[in-house]
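The values are calculated or read from the model by the stated rules, or taken from the named source; none is laboratory data. None of the values given here were measured: they were computed from a predicted structure. Glycine gets a Cβ as well: all are built from the backbone with ideal geometry, and neighbour counts include every protein chain shown. SASA here: full protein model, heavy atoms, side chains in, ligands and nucleic acids out. Shrake-Rupley method; radii C 1.70, N 1.55, O 1.52, S 1.80 Å.
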Amino acid sequence: ACIRVDGREETPCCRAYAGTQERATKPMQEILLTPEGKRRLEEELAELKSTVRARIVEAIREARSHGDLRENAAYHEAKLNQARIEGRISDLEKILENATIVERPEVGGEIAHLGSKVTLFDMKWQEELTVSLVGSFEADPENNLISIVSPLGSALVGKATGDVVSVKAPSGEIQYRIERVE
């Protein structure tokens, strides 16, 4: 533990929490969300504020019951988890407060935009891949949610069915043909 200027003891938990405060003062980039992305973030926020917060409070209470807090690893772990969760809650609240919800424009369904589901044909490997174009805050490549600012996402935005796009990847340039835009 350290002693802060105001004379109070500072633990690793305090420093972790302070880091979330510093992060909150940085200016945020433009936040674009699809309606589905907004719903997912709202669900995550509700879960964190209710059940996750309650579990952490219980873990802190349980750890306190074990006595001396200075050498209580369970207590410090619970406080670190609390700081992480409170930071994530703060981030989600700011994201949802400042986000612009973008509906997919109705342009005949043939042009890829934020919110589009795009089926691609990988011309090298001869296989199909379907991705959804989303804002950077809801991107999840493992679940085929591709940010419109990623190399693949930016290559697809504004393109139509039948277009061929080239994407620079670590393994080299990859070419995809757009099979379908929904």
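The table for this structure:
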| quantity | calculated |
| --- | --- |
| Single residue of 166, 132 found to be small (Gly, Ala, Ser) and either within 21 Å of the chain's Cα centre (by Cα) or open to solvent by less than 50 Å² (accessible area, probe 1.4 Å) (or both) | 132 |
| Answer residue from the stretch 135-163, given it is in contact (Cβ under 8 Å) with a residue 24 or more places away in the chain and not aliphatic (A, V, I, L, M) and is surrounded by the most Cβ atoms within 10 Å (Cβ to Cβ) among those | 135 |
| Number of the condition not met by residue 117 [criteria: (1) in contact with a Ser or Thr (Cβ under 9 Å, 6 or more places away or on another chain); (2) over 13 Å from residue 34 (Cβ atoms); (3) open to solvent by 70 Å² or more (accessible area, probe 1.4 Å)] | (2) |
| Residue match in the stretch 154-173 (condition: in a strand (DSSP E or B), within 20 Å of residue 35 (Cα to Cα) and either at pLDDT 95 or above or not aromatic (Phe, Trp, Tyr) (or both)) | no |
| Residue in the stretch 80-99 that is open to solvent by 40 Å² or more (accessible area, probe 1.4 Å) and either among the aromatic types (Phe, Trp, Tyr) or not in a helix (DSSP H, G or I) (or both) present | no |
| Condition met for residue 43 (within 15 Å of the chain's Cα centre (by Cα), loosely packed, with under 11 Cβ neighbours inside 10 Å and part of a helix (DSSP H, G or I)) | yes |
| Residue 70 vs. criteria over 26 Å from residue 35 (Cβ atoms) and among the charged types (D, E, K, R) | yes |
